[in-house]
Every structure is written in C-alpha cells, then in structure tokens.
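Engineer: This structure is in structure tokens; I'll ask about it shortly.
Each value in this text was obtained by applying a stated rule to the coordinates, not by laboratory testing. From a predicted model like this one, the values you see are computed outputs, not experimental measurements. Here Cβ is always computed from backbone atoms with ideal geometry, including for glycine, and neighbour counts include all displayed protein chains.
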Amino acid sequence: MSVQIFSEHFAADWIDSWNSHNLDRILSHYTDDFEMSSPIIIKVTGEASGTLKGKEKIGAYWAKALELFPSLHFELITQLIGVNSITLYYKGVSGLSAEVFHFNQDGKVTKAYAHYEA
C-alpha cells in the first residue's frame, strides 16, 4: 500500500471513529503503549506534563472527554505526510486542530501530538 493510500485510509477511519464516539474503534488505531501529548490533557486530567502513556490511561482520558463534549464532531481539512508520520488538520470542538501521528511498522500509532487553535 502506498503512503498516500495509507494516509487517506487512516485519516478517513480516524475521523469516522471519533465521530462515532466509539472508544474501542478510536483506540484500535494505537499500540497498547502509545503516548499522547495534548494541552487538553492538562485541563481534563490535571497531568501537568500534558502527556499520558498507554491505552488504559489514554482511554480513560478520552472517555471523559467524550462525556464532556457529547456533540464532538471532527471535519477533516487535509492530511500531511511525513517520515513514518501523518499530520491531520481538521476542525474540532474548539476550532482548528492538528494532530501528528507517528507509526510503527504495523501501521499503528506509537506517539501522537495534538495542537489546537490558540
């Protein structure tokens, strides 16, 4: 599969997963020990570093976020391709957002970094 096709498939499925609010489907994109960094982590969990590691901790954080934002809906603007990484640029709950995803050889996310409009 080409990088372009992988990127398009990942972007569409990731957006659809979040819009479905199905946590298991969302988490299916990630390795068990993936790491997530986001300024929202600080607000929702109180974790000062803004970083969580592992599906259990991040899944609990996302479950809480889905409760706080029951009308959560993402709209993809574009995707950018890097080396073993993709950045999705989309409209989110509080405006424009970008997330950078780093992948392992199996196409699963190992690290993700979220960025939000100031």
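Engineer: Taking only Cα atoms, what is the 0 to 90° angle, nearest 10, from helix 3-20's long axis to the longest principal axis of the chain?
Structural biologist: Helix 3-20 and the main axis of the chain meet at about 30 degrees.
Engineer: In a Debye calculation with equal point scatterers on the alpha-carbon sites of the chain and no solvent, what is log10 I(q)/I(0) at q = 0.12, 0.17, 0.19, 0.23 Å⁻¹?
Structural biologist: For the chain, the Cα-only Debye profile gives -0.39, -0.83, -1.07, -1.67.
Engineer: Taking the chain as the reference, fit the longest principal axis to its C-alpha atoms, fit the long axis of helix 55-68 to the helix C-alpha atoms, and give the angle between the two in degrees, 0 to 90, nearest 10.
Structural biologist: With rounding to tens, the tilt is 70 degrees.
Engineer: Once you list every other residue whose beta carbon is under 15 Å from the beta carbon of Gly46, what net charge do they have if Lys and Arg are +1 and Asp and Glu are -1?
Structural biologist: +2
Engineer: Using the Karplus curve 6.51 cos²θ - 1.76 cosθ + 1.60 with θ = phi - 60°, work out ³J(HN,Hα) for each residue of segment 41-54 in order, rounded to whole Hz, and write x for Gly and Pro.
Structural biologist: Ordered by residue, 3J(HN,Hα) equals 4, 4, 5, 7, 10, x, 6, 4, 6, x, 10, 10, 10, x Hz.
Engineer: May I pose another question? Among Thr87, Ser2, Thr51, pick out the residue whose Cα is farthest towards the positive end of the charge dipole of the chain, where Lys and Arg carry +1 and Asp and Glu carry -1 on C-beta, about the Cα centre.
Structural biologist: Thr51
Engineer: Moving to a separate point now. Could you count how many Lys pairs in segment 3-116 have their Cα atoms under 13 Å apart, skipping same-chain pairs fewer than 8 positions apart?
Structural biologist: 4
Engineer: Output ³J(HN,Hα) for segment 70-82: one whole-Hz value per residue in order, computed from phi by the Karplus curve 6.51 cos²θ - 1.76 cosθ + 1.60 with θ = phi - 60°, and x for Gly and Pro.
Structural biologist: x, 9, 3, 8, 10, 10, 5, 9, 6, 10, 10, 9, x
Engineer: Whole-Hz Karplus ³J(HN,Hα) for segment 107-112, in order, using 6.51 cos²θ - 1.76 cosθ + 1.60 and θ = phi - 60°, x for Gly and Pro?
Structural biologist: x, 9, 6, 9, 9, 9
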